[in-house]
Amino acid sequence: MSKKTFVGPHDLTPIQFKDLSVILGQKIILDKINCKIKSNSITAVLGPNGAGKSIFLQTINGLFSIQSGRLNFNLMEINQEIRKQQAMVFQNPVLLRRTVIANLQFISNLRNKESNRLLKKILSKVGLEGYEKKPARLLSGGEKQRLSMARALIINPNLLLLDEPTANLDPYSLKLIEDLVLEENSIGKTIIFTTHDMSQAKRLATDVIFLNKGKVLEQTISKTFFKSPKTLEAQKYINGEILI
Ligand SMILES: Nc1ncnc2c1ncn2[C@@H]1O[C@H](COP(=O)(O)OP(=O)(O)OP(=O)(O)O)[C@@H](O)[C@H]1O
Ligand SMILES: [Mg+2]
């Protein structure tokens, strides 16, 4: 693969994994991953508990060192500029022990110093209008998750990494977040998310990567995956059967 040096604002995709392995402790968590995430796609990373989905997202986010293989963003290796164009919503969001609005201001001050008006607009997008002064630690699980989504949106990332972003949400909030995902995608963002909600994956995803025990067993467009999964593992997973 040739290397590029220039990093423009829309330069992160395609994202390519080439024989990539991540080992934590003594355990191979991601095992020779080969896959490609297309520009402006919405990719669902699916698989059972412990398959490696969160580590997969966090590896893209530059949080783990790669033992072997490569990860390229539009032919470039990860660097600070590339990391700055990504935003990640973690499975277990970590918030500052400050108010809701202070959590947003903190991120905004590090980056683009958005006006409070815009921060409030983003809060209302995630259904948290009127929550500005509430201490973040007092939010419910679902509210924390939505605040975490708001924090991600503030930096206007080209790539959104969402780790089970609706796991704790009620149906109204779930729809709110799904609509936001589609809206962000419609304005050119590439989105990679994980979920155990197969209906959600069908509603949102253009592409699917199916992981099991740290390996990519399938990568295909979403319709094909749900209509005719190739592997027995994926068939079982979709049908809610146990994978051994
Ligand atoms: N820091 C770590 N050190 C060692 N092993 C880890 C670490 N983090 C995760 N693991 C292991 O890596 C494997 C993959 O974990 P990961 O969190 O990516 O799974 P997942 O697919 O996101 O599962 P879930 O659906 O439960 O969220 C698991 O076996 C887990 O125990
Ligand atoms: Mg996970």
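No lab work stands behind these numbers, since they all come straight from the coordinates. This is a predicted model, so every value here is computed, not measured. So basically every Cβ, Gly included, is an ideal-geometry build from the backbone, and we count neighbours across all protein chains shown.
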Problem set entry | Protection proxy ranking of 170-178, 139-147 - average other beta-carbon atoms within 10 Å, highest first | 139-147, 170-178
Seminar exercise, completed: Residue span Ile244 to Lys223: 0.36 nm per residue of separation minus Cα-Cα distance leaves a gain in nm of 5.0 nm
Exercise. Taking the Cα atoms only, what angle lies between the long axis of helix 116-125 and the longest principal axis of the chain, rounded to 10 degrees?
Worked result: 50
Problem set entry | FRET E, pair Lys32, Lys84, Förster distance 35 Å, beta-carbon r, rounded to 0.05 | 0.75
For this session: Would you mind checking the radius of gyration and Dmax of the chain based on alpha-carbon positions, in Å?
Result: 17.9, 51
For this session: Please list, in chain and number order, the residues 5+ apart from Val45 or on another chain whose amide H is under 5 Å from its amide H, with Hs placed from the backbone.
Result: Phe193, Thr194, Thr195, Ile209
For this session: Take the Cα gyration tensor of region 15-114, multiply each eigenvalue by 5, square-root it, and list the three semi-axes largest first, rounded to whole angstrom.
Result: 27, 17, 13
Seminar exercise, completed: By the mean-Cβ-within-10 Å protection proxy, highest first, 62-74, 208-220 rank as 208-220, 62-74
Seminar exercise, completed: Taking Cα atoms only, helix 171-186 is inclined relative to the longest principal axis of the chain by an angle, in degrees rounded to 10, of 70
Exercise. For the chain, with the dipole built from +1 on Lys and Arg beta-carbon atoms and -1 on Asp and Glu ones, taken about the Cα centre, which of Ser173, Val216, Leu95 lies farthest toward the positive end?
Worked result: Leu95
Seminar exercise, completed: Sorting Ile15, Asn40, Ser65 by the position of each Cα along the dipole of the chain (Lys, Arg +1; Asp, Glu -1; all at Cβ), the one nearest the positive end of that ordering is Ser65
Problem set entry | Entries in Lys113/Lys175; Lys53/Lys236; Lys84/Lys144; Lys53/Lys120 that, when Cα-Cα distance is taken, lie over 25 Å | Lys113/Lys175; Lys53/Lys120
Exercise. Charges only on Cβ, +1 for Lys and Arg, -1 for Asp and Glu: so what's the dipole of the chain about the Cα centre, in debye to the nearest 20?
Worked result: 440
For this session: Find how much the distance from Lys134 to Ala167 grows on full extension, using 0.36 nm per residue of separation minus their present alpha carbon separation; answer in nm with one decimal.
Result: 9.6 nm
